[in-house]
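What follows is a single structure, written as structure tokens, with notes after it.
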Amino acid sequence: GQNIDQPTEMTATEGAIVQINCTYQTSGFNGLFWYQQHAGEAPTFLSYNVLDGLEEKGRFSSFLSRSKGYSYLLLKELQMKDSASYLCAVRDSDYKLSFGAGTTVTVRA
Amino acid sequence: TAGITQAPTSQILAAGRSMTLRCTQDMRHNAMYWYRQDLGLGLRLIHYSNTAGTTGKGEVPDGYSVSRANTDDFPLTLASAVPSQTSVYFCASSMTSGVDTQYFGPGTRLTVL
């Protein structure tokens, strides 16, 4: 089966930086996704990594190390609207997505 | 932009009753998916369709059935609901079943009593 681990909760202060880690063990690897999900809403796509290294997109960056089965999502200059769950998902050898349980980030003023 | 729509938004259903959750996309995506999301478990794939006319089983298919008569619609049916099917159901789609990003609908919150 697939195993994707990420912390359950994180709290940070407005304007700060938070790093959400994700480790995975899956049957094959065809890319890693990060989604943002506000309470009661649909997941929305944030980032995609298929090669090792850092992908930067505005205040959000995502890093991948395939050899370590590890990724992180970096949120910079935190804003109150960034309070949400962040889902790590890995696409396996069958091109199906397996999701972690999600990390709930709370941004405090 | 419509994207993906789901209906109903929420539903309370008596155990043993049948229910069809509707999903429609207007992006001409070939692949569509049904997930359930439960607290602490994350999203789990129920069924998928790589293209109109084909369907496949995901991680948790028991108690659910799907059909894909055309590109736009991908209904999910619970033939005889049980309380363990209480969940939030998300439909998603992608251009193809391979390397494309999946986009999610707004979800249906189902409670089975």
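Throughout, read-outs are computed from the coordinates displayed, never taken from laboratory work. Here the structure is a predicted model, which is why all the values come from computation and not from measurement. Backbone-built Cβ (ideal geometry, glycine too); neighbour counts: all protein chains shown.
Here are A:Ser98, A:Ser85, A:Ser47, A:Ser61: which of them is touching a residue at least 12 places away in the same chain (Cβ under 8 Å) and either surrounded by fewer than 15 Cβ atoms within 10 Å (Cβ to Cβ) or out of contact with any Asp or Glu (no Cβ under 8 Å at 6 or more places or on another chain) (or both)? Testing whether each residue is touching a residue at least 12 places away in the same chain (Cβ under 8 Å) and either surrounded by fewer than 15 Cβ atoms within 10 Å (Cβ to Cβ) or out of contact with any Asp or Glu (no Cβ under 8 Å at 6 or more places or on another chain) (or both) leaves just A:Ser85. Note on segment B:23-45: among residues that are charged (D, E, K, R) and surrounded by 15 or more Cβ atoms within 10 Å (Cβ to Cβ), the one that is nearest to the chain's Cα centre (by Cα) is B:Arg36. Residues that are more than 12 Å from every other protein chain (Cβ to nearest Cβ), more than 21 Å from B:Gln102 (Cα to Cα) and touching a residue at least 60 places away in the same chain (Cβ under 8 Å) do not occur anywhere in segment B:20-27. Quick one: would you say A:Leu51 is of a type in the set (A, V, I, L, M) and not in a loop (DSSP other than H, G, I, E, B)? Criteria not met by A:Leu51.
Yes or no, residue by residue, for (1) away from chain A (no Cβ under 14 Å); (2) surrounded by 13 or more Cβ atoms within 10 Å (Cβ to Cβ); (3) not hydroxyl-bearing (Ser, Thr, Tyr):
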| site | (1), (2), (3) |
| --- | --- |
| B:Thr9 | no, no, no |
| B:His47 | no, yes, yes |
| B:Asn50 | no, yes, yes |
| B:Val66 | yes, yes, yes |
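Just to be sure, is A:Gln36 polar (S, T, N, Q), in contact with a helix residue (DSSP H, G or I) (Cβ under 9 Å, 6 or more places away or on another chain) and within 14 Å of another protein chain (Cβ to nearest Cβ)? Give the steps one after another, and end with the answer.
Working: polar (S, T, N, Q): yes; in contact with a helix residue (DSSP H, G or I) (Cβ under 9 Å, 6 or more places away or on another chain): yes; within 14 Å of another protein chain (Cβ to nearest Cβ): yes.
Considered against the rule, which asks whether it is polar (S, T, N, Q), in contact with a helix residue (DSSP H, G or I) (Cβ under 9 Å, 6 or more places away or on another chain) and within 14 Å of another protein chain (Cβ to nearest Cβ), A:Gln36 comes out as yes.
Against the test of being without any contact (Cβ under 8 Å) to a residue 12 or more places away in the chain and either surrounded by fewer than 19 Cβ atoms within 10 Å (Cβ to Cβ) or closer than 27 Å to B:Asp38 by Cβ (or both), the options A:Glu55, A:Glu77 yield a single qualifying residue, A:Glu55.
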